[in-house]
Amino acid sequence: PPAPAELQCESNRVKGCVSQVFVAPTAGVNGLQWQGDADAQITKGLLALLIAGLNGLSASEVQAIDPGFIAETGLQGSLTPSRANGFLNILRHMQAQAAHL
């Protein structure tokens, strides 16, 4: 679903991405629920993959994810280096947000 306009603030902006990417969690009884948006379709798809994978996890579970899983997916072979780096930056941003909850 489209992300609300208030999601697009500096604290939710992922730094180190060529695209503009915004993501934020809310904590609930069923773990963290993520919302996000990006201005590029490929990046929006990468963000959607992370949101689908991290939804419902606890903050500590999100923080414990080893970024090495990205290489195991094989996605890096299909992405430019800047997109692969952006994917990693989105994950790291989400982990940092989880740490602050």
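Bear in mind these aren't lab numbers, they're just calculated from the coordinates by the rules spelled out. All values reported here derive from a predicted model rather than from experimental measurement. Note: ideal-geometry Cβ built from the backbone for every residue, glycine included; neighbour counts use all protein chains shown.
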Output for the range 1-30, where each listed residue is free of Cβ contacts under 8 Å to residues at least 60 places away in the same chain, of a type in the set (Gly, Ala, Ser) and buried (at least 16 other Cβ atoms within 10 Å of the Cβ): Ala3
Do we find that Arg92 is part of a helix (DSSP H, G or I) and either in contact (Cβ under 8 Å) with a residue 40 or more places away in the chain or surrounded by fewer than 13 Cβ atoms within 10 Å (Cβ to Cβ) (or both) in this structure? no
Is there any pair linking a residue in the range 50-74 that is without any contact (Cβ under 8 Å) to a residue 60 or more places away in the chain to one that is among the aromatic types (Phe, Trp, Tyr), with Cβ under 6 Å and at least six apart or on different chains, and which? Ile51/Trp34; Leu54/Trp34; Asn55/Trp34
How many residues, within the range 32-49, are more than 15 Å from Lys15 (Cα to Cα), within 11 Å of the chain's Cα centre (by Cα) and in a strand (DSSP E or B)? 2
